[in-house]
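In what follows, a single structure is set out as structure tokens and then discussed.
The values are calculated or read from the model by the stated rules, or taken from the named source; none is laboratory data. Remember, it's a predicted structure, so these values are computed and weren't measured experimentally. Quick reminder, even Gly has a Cβ in these numbers, built from the backbone with ideal geometry, and neighbours come from all protein chains shown.
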Amino acid sequence: MSIFVGRKRELERLKVLFSKKFASLAVIKGRRRIGKSRLVEEFAKGKKFFVFSGIPPTDGISAQSQRDVFARQLGNQIGLPSIQSQDWSDLFTLLARYTNQERVVVLFDEISWMGSKDPTFLGKLKNAWDLEFQKNPKFVLVFCGSVSTWIEQNIISSTAFFGRISLYLTLKELPLDECNELLDVQGFRGSTYEKFKILSVTGGIPWYLQQIQSNLTADDNIKNLCFNKDGILFNEFNLIFHDIFEKRSEIYRPIVDVLANGPREYNQIIHELKYSKSGTLSSYLEDLIQSGFVQRDYTWNLKAGKSSRLSHFRLSDNYLRFYLKFIWPNNVKILQDSFKDVTLSSLPGWKTILGLQFENLVLNNRKKIWENLQIRPENIESNNPFFQRKTERTHGCQIDYLVQTQFNTLFACEVKFSQTDIKSEIIQEMKDKLARLMLPRGFSCFPVLIHVNGVNEHVVDQGYFTELIDFSEFLDKKS
């Protein structure tokens, strides 16, 4: 069993299910490799535990193929390895017979694959829940899946399971302190900068972090994982994209290619892809959001404190961007073993991409910024990357991260990732940016600098920034 770190809140929510006097049904969704099944394994410790996993619905995989795999898994777990069945109802009845007493956890992993080829699957599963599974008040059935759109449409929003689901969980990336703990547990002793360099590739994805070798530097780990034809992350994009989107994966690829260069408005995406204006692109973007790869960040009206209709779509998955910008363009060289000695800093656009990756980490851990600035969550009106369109009357303006409180106070955060300390030029850059911001009367705006490797003494001496936040300190601060 792999290392398990963090997820305390999620575990507590799962444990509450056994305090109830009736059977429980839970749904856990999230990006592939995010640790859904591993979380359930940890929850099931000390309890009777059954695990079933569907197989990817590739060409040649039929409804019977999925039933055969389920039957084989069931047989191995109950000691009857020769089980066969052509009907899901029979398999569910047999499972119910072996789970009708004591505390039991049953996991249906990648449930969308399991039922993808049989239109009767969900109906028979619903009947099994109503008539058999829930007879045991200490029975917990968990549905997991990375195809979040399928789960949303077929389970969460389905009338068949309405009123039956006790718990919904969407797993996000691990927060900084838990990423750090996972690296420490594995024996990685690199510097703070080295750890952030690793996170710029892996994000807070537990499975990726578990591939890090403690005896190697960050650069050598990245080369082994990404720029080696046998590296775990070399083909990972194709695996996760095909598993989630199947034959439609080529539809979504151009969208993430565009977003890999930075956030875009809807109309900008249409223009770059040469799409016609229709609801089709909106549905594709929503699928990417549901799958955990893209985030939609709404800007807002400062005076009213209300969300605008304007928004940016941001590639929020660090691995995807790293793959699209550095692995895929060098695919042939990597296959020829002619790229393994590359110096990462020599890659075209390396500094720019590291900056975008660091911004993702900051936004995923924004609560730590609130704590540092002593902002209570209930006092926040809006917080997001902020942008202001250029018009005849206003200048264009973009703030990496802006927090607005109900007291008409703004905290404008500039996010910088640098291998060396940040020089005093940053002050004029920030002054120019805030001069373009349309600040309503009666509002106060405090500039904040978020960094990793320190700031030059001249930046400190001038006292321009209200707060200098060393984000590396959050690696050791518990959430």
When (1) assigned to a loop (DSSP other than H, G, I, E, B); (2) farther than 14 Å from residue 29 by Cβ are applied to residue 165, the one that fails is (2)
Within segment 245-269, residues being over 15 Å from residue 296 (Cβ atoms) and among the aliphatic types (A, V, I, L, M) number 2
_buried (at least 20 other Cβ atoms within 10 Å of the Cβ), part of a loop (DSSP other than H, G, I, E, B) and not hydroxyl-bearing (Ser, Thr, Tyr): is that true of residue 28 in this structure?_
no
Segment 183-272: helices (runs of 4 or more DSSP H) wholly inside it with 3 or more residues that are hydroxyl-bearing (Ser, Thr, Tyr), surrounded by fewer than 18 Cβ atoms within 10 Å (Cβ to Cβ) and outside the structural domain of residue 417 (by TED's automatic domain parsing) are none
When restricted to 303, 340, 277, 333, the only residue over 20 Å from the mean Cα position of the chain (by Cα), within 27 Å of residue 381 (Cα to Cα) and not in a strand (DSSP E or B) is 303
Residue 158 fails exactly one of (1) small (Gly, Ala, Ser); (2) under 13 Å from the mean Cα position of the chain (by Cα); (3) at negative phi, namely (2)
Of the candidates 311, 282, the one satisfying the condition of being more than 27 Å from residue 226 (Cβ to Cβ), at pLDDT 95 or above and not β-branched (Val, Ile, Thr) is 311
Practice task
Check whether at least one residue in segment 448-456 is over 18 Å from residue 401 (Cβ atoms), in a loop (DSSP other than H, G, I, E, B) and of a type outside the set (S, T, N, Q), and report yes or no.
Solution key: yes
In segment 155-168, residues that are in contact (Cβ under 8 Å) with a residue 12 or more places away in the chain, of a type outside the set (Phe, Trp, Tyr) and surrounded by fewer than 20 Cβ atoms within 10 Å (Cβ to Cβ) total 7
Report yes if residue 305 is at pLDDT below 95, small (Gly, Ala, Ser) and exposed (fewer than 13 other Cβ atoms within 10 Å of the Cβ), otherwise no. no
Of the residues in segment 170-182, those that are of a type in the set (S, T, N, Q) and either under 14 Å from the mean Cα position of the chain (by Cα) or in the same structural domain as residue 13 (by TED's automatic domain parsing) (or both) come to 170
Scanning segment 31-67 residue by residue, the ones that are part of a helix (DSSP H, G or I) and of a type in the set (Gly, Ala, Ser) total 3
Picking from 387, 417, 407, the residue that is assigned to a loop (DSSP other than H, G, I, E, B) and under 24 Å from the mean Cα position of the chain (by Cα) would be 417
When restricted to 411, 417, the only residue within 25 Å of residue 314 (Cβ to Cβ), in contact (Cβ under 8 Å) with a residue 60 or more places away in the chain and surrounded by 12 or more Cβ atoms within 10 Å (Cβ to Cβ) is 417
Of (1) touching a helix residue (DSSP H, G or I) at 6+ places or on another chain (Cβ under 7 Å); (2) part of a helix (DSSP H, G or I), residue 313 fails just (2)
- Query: Is it fair to say residue 124 is out of contact with any helix residue (DSSP H, G or I) (no Cβ under 6 Å at 6 or more places or on another chain) and not hydroxyl-bearing (Ser, Thr, Tyr)?
  - Reply: no
Only unsatisfied item for residue 308, checking (1) within 29 Å of residue 234 (Cα to Cα); (2) touching a Ser or Thr at 6+ places or on another chain (Cβ under 6 Å); (3) among the hydroxyl-bearing types (Ser, Thr, Tyr), is (1)
*Could you tell me whether segment 206-213 includes any residue that is on the phi > 0 side of the Ramachandran plot, in contact (Cβ under 8 Å) with a residue 24 or more places away in the chain and within 21 Å of the chain's Cα centre (by Cα)?*
no
By residue number, the members of segment 422-447 that are β-branched (Val, Ile, Thr) and not in a helix (DSSP H, G or I) are 422
Those residues of segment 388-421 which are in contact with a helix residue (DSSP H, G or I) (Cβ under 6 Å, 6 or more places away or on another chain) and of a type in the set (Val, Ile, Thr) amount to 405, 415
If you go through 107, 122, the only one that is in a helix (DSSP H, G or I) and under 29 Å from residue 34 (Cα atoms) is 122
